[in-house]
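Note sheet for the following structure.
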Amino acid sequence: MSINNVPKTNAEEKTQDIRAAIEHRATWFYFLLDEAEKAGADWEKIGRNAIFRCGCFHGDKKFTPTSDLKAFADEFANENVKKVFEMDIKEKSDDRFYVEFNYCPLVAGWLKQTGDEKKIETLCDIAMDGDRGIINEFGDFEFKLGDTIAKGGKVCCVEVLRKK
């Protein structure tokens, strides 16, 4: 596997700094779960539970409580986040927020640690448990993950829908 979209050299310094910090987070995340696996622990379960809890914490403490999906979308995809992940917001309505991520600094970090495509795909899905946790704190919304860069896709597709 190779990352489809490498960081653009003309990205502003602040964006590059945030990407580097996220890559660092991906690196320690990888090593932490690798050590758990070496110790015989269920590293995937540990990772999923911890990251989901972290997402719930952020959903409760970092985000403004709302049932307005457009307001949530503006907070979730703020200007810095849009730049770091090269996000394209495809739809932002009362019932659907759909965004494509064209770059992932987490995948970039994991590719520096391993060439194991299946492990990177699993790490990515565990990382998405953070977003699942965030959305879990908003009773009116549901989270859907489509294709991902970690699965070899050109983009990561994230959708947040208003529950019917």
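Worth a mention:
- Residue in the stretch 7-17 that is modelled with pLDDT under 95, over 28 Å from residue 142 (Cβ atoms), hydrophobic (A, V, I, L, M, F, W, C) and within 18 Å of the chain's Cα centre (by Cα) present: no
- Some residue of the stretch 100-108 being open to solvent by 60 Å² or more (accessible area, probe 1.4 Å) and more than 13 Å from residue 26 (Cα to Cα): no
- Qualifying positions in the stretch 145-164 - farther than 15 Å from residue 124 by Cβ and out of contact with any Phe, Trp or Tyr (no Cβ under 9 Å at 6 or more places or on another chain): 164
- Each residue in the stretch 76-115 was checked for being touching a strand residue (DSSP E or B) at 6+ places or on another chain (Cβ under 9 Å) and either of a type in the set (D, E, K, R) or in a strand (DSSP E or B) (or both), and 16 pass.
- Residues located in the stretch 136-164, provided they are more than 20 Å from residue 21 (Cα to Cα), open to solvent by less than 10 Å² (accessible area, probe 1.4 Å) and among the β-branched types (Val, Ile, Thr): 148, 158, 160
- For the stretch 71-84, taking the residues that are under 20 Å from residue 12 (Cβ atoms) and in contact (Cβ under 8 Å) with a residue 24 or more places away in the chain, the one that is surrounded by the fewest Cβ atoms within 10 Å (Cβ to Cβ) is identified as 80.
- Test for residue 118: is it loosely packed, with under 13 Cβ neighbours inside 10 Å, at pLDDT 95 or above and assigned to a helix (DSSP H, G or I): yes
The values are calculated or read from the model by the stated rules, or taken from the named source; none is laboratory data. None of these values were measured; they are calculated from a predicted model. We place every Cβ from the backbone using ideal geometry, glycine too, and count neighbours over all the protein chains shown. Note: accessible area is taken over every heavy atom of the protein model, side chains too, but ligands, DNA and RNA are not part of it. Shrake-Rupley method; radii C 1.70, N 1.55, O 1.52, S 1.80 Å.
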